[in-house]
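K.L.:
Dropping a structure here in structure tokens format, bear with me for questions.
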Amino acid sequence: MAKAFPLPDGWQEKHADSLLLKNVKLCDPFVSTDIGKTDIYIKDGTIAALGGEALQQKADEVVDLNGKFVSPGWFDLHVHLREPGFEYKETVETGLNSALAGGFTGVACMPNTEPALDNAAVVKWLLDTAKTHPVGLSVIAAATKDRAGKELTELADLASIGVRGVSDDGAPVADSGMVRRIMEYGSTFGIVFFSHAEEKSLVGKGVMNESVWSTTLGLPGMPTVAEDVMVSRDILLAEYLDCRVHICHISSARSVELVREAQRRGVKVTCEATPHHFTLSLTDSAIESFSTDLKMNPPLRSEKDVRAIHDGLRDGTISCIATDHAPHAPEEKELEFEYAPFGIVGLETAFGVANTELVKPKILSLTQTIEKFTKGPRIALGIPENSVKVGNPAELTIFDPDFVWTVDKFHLHSKSRNTPFHGCELIGKAFGTVNKGCYYFV
């Protein structure tokens, strides 16, 4: 029997055969760059009418959104749910609740669990576990068995249960011949290789960006070239094989240039950036505080790199915003900087940070930013669009881009609290979703 999940604190559920959302500002990057006012009528989980026609329908439930924004449901391409094996950090329940509170209707989880998500049985167990949650789950399965880089996983079996992406995330595949086999064989099933671009031999025991700041602070550095080398390799392989590749959590200026140049040549490469890598106040200089909530992989880079990420987002080189949500228990982060694990939580702050750092300073428009949460991730993973069109399933996010709030890590819905945004004032927040035939709201 499928598990019934409790909603995050403060969130409620309404189930009705028909639902009318009135006074909506619609932001749908699948259809238009313009933001328009409309009304949305939903019948049996499907968008049945828009605008004036929607108002003519008799609905079981009527919700006046008073000018709040509605977009296609947000999708996070890169999340760590930690289950199975590390339930003390996060579980399917707490991770998906955190996603719901952040406004996401779907997430893709990474395979670095124990055991690794490297076979159809464990992936199916995870999908079945999450089936009844308001947030839909996709799985980026392991590319090699036990993420060891030695033996290919059974890609045909994984594809048969809906897997569309594979990665050894956190453990880069060093063997170029293996990457070739992953790309070639995976492409026959529509599976995309998600590259964790890191040349470990260049990183060594590094814990922060290699720069004047790593020297000043006496911490071993992680050079940008360790990322750039692997981005270049995977682009060249994708180009040679005419296969698709997705670059995870891009962070260096040169890597952005490499992807941009490759896309101009017609290489089938996409990439994602995380909110912490495009936040100007979060550069390698911030590690002067030695806060372990600033330790992540890739590390916080220089201001030059952050501005290059802005440029890549602006010109479309970077088509996705992904959180790389990586929860860790407090006792793990309460160590010296060198010994604490890499990673931060990010599902509940993602839109607020993106809106504050990109939209308000006019680096991106609101529609461009929403596109990085909706259209871009779905294209990268090869899953269907969820535009707000009559006949499509109702999968929507409701948000207010002008709502001001302060991040409190003690009131997050994740099981972990490792965020660098604690105490930060953000502008923009999600207030509800429509998915799987129900309306969820706070």
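K.L.:
Just the residues that are buried (at least 22 other Cβ atoms within 10 Å of the Cβ) and among the small types (Gly, Ala, Ser), please, taken from segment 365-394.
P.N.:
GLY376, ALA380, ALA394
K.L.:
Return the residues of segment 51-76 that are surrounded by fewer than 18 Cβ atoms within 10 Å (Cβ to Cβ), part of a strand (DSSP E or B) and of a type in the set (A, V, I, L, M); say none if nothing qualifies.
P.N.:
Listed by number, the list holds a single entry, VAL62.
K.L.:
Here's a follow-up. Could you tell me whether VAL122 is over 29 Å from GLU334 (Cα atoms) and buried (at least 22 other Cβ atoms within 10 Å of the Cβ)?
P.N.:
Judged against the criteria, VAL122 is not a match.
K.L.:
Then there's this: Quick check on my filter: what residues within segment 423-435 are at positive phi and not in a strand (DSSP E or B)?
P.N.:
The one that is at positive phi and not in a strand (DSSP E or B): GLY423.
K.L.:
Where in segment 327-422 are the helices (runs of 4 or more DSSP H), entirely inside, with at least 1 residues that are of a type in the set (Val, Ile, Thr), at pLDDT below 95 and under 15 Å from the mean Cα position of the chain (by Cα)?
P.N.:
Details: elements: 330-333, 350-354, 366-373, 375-381.
Answer list for segment 327-422: none.
K.L.:
Additional query: Does LEU241 count as out of contact with any Leu (no Cβ under 9 Å at 6 or more places or on another chain), within 17 Å of ARG265 (Cβ to Cβ), in the same structural domain as VAL139 (by TED's automatic domain parsing) and not β-branched (Val, Ile, Thr)?
P.N.:
For LEU241, the condition - out of contact with any Leu (no Cβ under 9 Å at 6 or more places or on another chain), within 17 Å of ARG265 (Cβ to Cβ), in the same structural domain as VAL139 (by TED's automatic domain parsing) and not β-branched (Val, Ile, Thr) - is met.
K.L.:
Additional query: Go through segment 125-151 and report how many residues are basic (Lys, Arg) and buried (at least 21 other Cβ atoms within 10 Å of the Cβ).
P.N.:
If we filter segment 125-151 for residues that are basic (Lys, Arg), which is where we start, we get 131, 145, 147, 150.
Those left that are additionally buried (at least 21 other Cβ atoms within 10 Å of the Cβ): 147.
Within segment 125-151, residues that are basic (Lys, Arg) and buried (at least 21 other Cβ atoms within 10 Å of the Cβ) number 1.
K.L.:
Among the residues in segment 223-240, are any in contact with a Phe, Trp or Tyr (Cβ under 8 Å, 6 or more places away or on another chain), in a loop (DSSP other than H, G, I, E, B) and in contact (Cβ under 8 Å) with a residue 24 or more places away in the chain?
P.N.:
Among the residues of segment 223-240, not one is in contact with a Phe, Trp or Tyr (Cβ under 8 Å, 6 or more places away or on another chain), in a loop (DSSP other than H, G, I, E, B) and in contact (Cβ under 8 Å) with a residue 24 or more places away in the chain, which makes the answer no.
K.L.:
Let me ask something else about it. If you take the residues in segment 343-364 that are within 18 Å of HIS422 (Cα to Cα) and out of contact with any Pro (no Cβ under 8 Å at 6 or more places or on another chain), which one is surrounded by the fewest Cβ atoms within 10 Å (Cβ to Cβ)? Full working, then the answer.
P.N.:
Initially, segment 343-364 is screened for residues within 18 Å of HIS422 (Cα to Cα), giving 343-357.
After this cut, where a residue has to be out of contact with any Pro (no Cβ under 8 Å at 6 or more places or on another chain) as well, the list is 347-348, 351-352, 356.
Details: LEU347: 27, GLU348: 28, PHE351: 27, GLY352: 27, THR356: 21.
The residue in question is THR356.
The values are calculated or read from the model by the stated rules, or taken from the named source; none is laboratory data. Since we're looking at a predicted model, the values are computed, not measured. Glycine also receives a Cβ, built like all others from the backbone with ideal geometry; neighbour counts cover every protein chain displayed.
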